[in-house]
1. Whole-Hz Karplus ³J(HN,Hα) for the stretch 136-146, in order, using 6.51 cos²θ - 1.76 cosθ + 1.60 and θ = phi - 60°, x for Gly and Pro?
2. ³J(HN,Hα) across the stretch 110-120 via Karplus (A = 6.51, B = -1.76, C = 1.60, θ = phi - 60°), whole Hz, x for Gly/Pro?
3. Under a 5 Å amide H to amide H cut-off, with H placed in plane at 1.01 Å, what residues pair with PHE130 once short-range neighbours are removed?
4. Mind grabbing the accessible area of GLU152 for me, 1.4 Å probe, Å², rounded to tens?
5. Which net charge results when you count Lys and Arg as +1 and Asp and Glu as -1 among the other residues whose beta-carbon is under 11 Å from that of VAL145?
6. Quick query: amide H of GLU154 versus all other amide H atoms, modeled in the peptide plane; which residues come in under 5 Å with a sequence gap of 5 or more or a different chain?
7. Between ASP96 and GLU78, what is the label-point separation in nm under the 7 Å Cα-to-beta-carbon projection?
8. Each label point is 7 Å from the Cα along the Cα-to-Cβ direction; what then is the distance between the points at SER144 and ASN121, in nm?
Amino acid sequence: AVLQVMRRVSPKQVLDGIELPKHSMLAFTHVLTTPREDRDGDVLMTEGAVVDEKMPLLWQHIHTLPIGRLLKVVEHTEEKLRMASVLLDLNALTSDAAKLFEAGALRFSHGFRALEFSERNKEVAGAAGFRVKSYEIMEESGVSVPSNIDAEVELLSRGKLKSPEFKAHAKAMQKMIPK
C-alpha cells in the first residue's frame, strides 16, 4: 500500500482563482469518489455523478451539523471526482474538525440518491452491492471511516489566523514545505 502524504500549500494553489467565503478556516482539495468497489460492495461510476454545486460539507453526515461547503468541482472524470471545499470558522466543532483534517484523521464521504443502478453479481463481487451508473450527490461529509477508501484530502491550506505571532509562524512553516 502506498501512503499518500497530504501537502500544505498556499490558498492560491488550492483554490486557483476562487474567492474564499467569509469565515473561511481551512481550504482543501480532496477526492470525493472513485469507481473503486467500496466497503459496502457498491461501485459508483464517477462519470455518472451529478453534483449539487451548492452542497454543504457536513460533520459525519449529520444534516443539522454543517461545517463548511463545496467551493468548486476540480476534476470530474471516469477515474475520480475531485473537489475544492472549505471549512468555516463557526464553532468549537469546526475548529476540532480542522485539526482532525490536518492530522489526517478525517476523510470524506457523500450522501447521494441513486438515479440509475443495477445489482452486482454476488459471486463475482463477493458482497451484495450495486453498480450505480448515475446518482445525485447532495452533500459531502467529513467522516472517520469512509465507505470509499480513496476519498481523502490531497492539499490543504489554513487561513484567517488572527494573531501576528501565529501568522508569522504559519508563514515560516509554509516556507519549509517542499515544493
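The values are calculated or read from the model by the stated rules, or taken from the named source; none is laboratory data. Note that the structure is a prediction, hence the values are computed from the model and not measured. Cβ: placed from backbone, ideal geometry, glycine included. Neighbour counts: every protein chain shown. The area values use the complete protein model at the heavy-atom level, side chains included, leaving out ligands, DNA and RNA. Shrake-Rupley method; radii C 1.70, N 1.55, O 1.52, S 1.80 Å.
1. Going residue by residue, I get 9, 8, 9, 7, 10, 9, x, 9, 6, 10, x Hz, with x marking Gly and Pro.
2. Listing the rounded values in order: 8, x, 9, 10, 5, 9, 9, 7, 9, 6, 7 Hz.
3. Those lying under 5 Å, H to H, from PHE130 are ASP42, VAL43, ARG120.
4. Per-residue accessible area (GLU152): approximately 50 Å².
5. Values: positive: ARG39, ARG107; negative: none.
Spelling it out: positives minus negatives among the neighbours equals +2.
6. THR29, HIS30, VAL31
7. Going by the 7 Å Cα→Cβ label model, 4.3 nm.
8. Result: 3.8 nm between the two label points.
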